[in-house]
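Bear in mind that the values in this text are calculations on the coordinates, not laboratory data. All values derive from a computational prediction rather than experimental measurement. Here Cβ is always computed from backbone atoms with ideal geometry, including for glycine, and neighbour counts include all displayed protein chains.
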Amino acid sequence: MAKTETETQFTLRCSRSMRSDAEKFAEAKGQSLAEWLRRAVQEKLDREKKGIGADTVSNEELEAMIEKILTEKLAEKRNEK
């Protein structure tokens, strides 16, 4: 993390399973838990600043939904023949 601003810290209380999941994802990315958490918080802040709320989906989620719908529609079409 670049030290362009005065740094501060805060305590985050969470479930053990949340911490365990975060540690696994951080390790998979080759990041420290602290860096992974910083990036997660920044990502959320960026979305909130853009007005993107919790009711939106990521591109990956949207692609998965579209694929599912298209697969279902193609299966329906095949069964009509």
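Here are the numbers for this structure:
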item	result
Separation of the Ala64 and Arg39 label points, Cα + 7 Å toward Cβ, nm	1.9
From the C-alpha gyration tensor of segment 16-80, square roots of 5λ in Å	35, 17, 9
Gained length - Thr11 relative to Val57, 0.36 nm times residue gap less alpha-carbon distance	13.7 nm
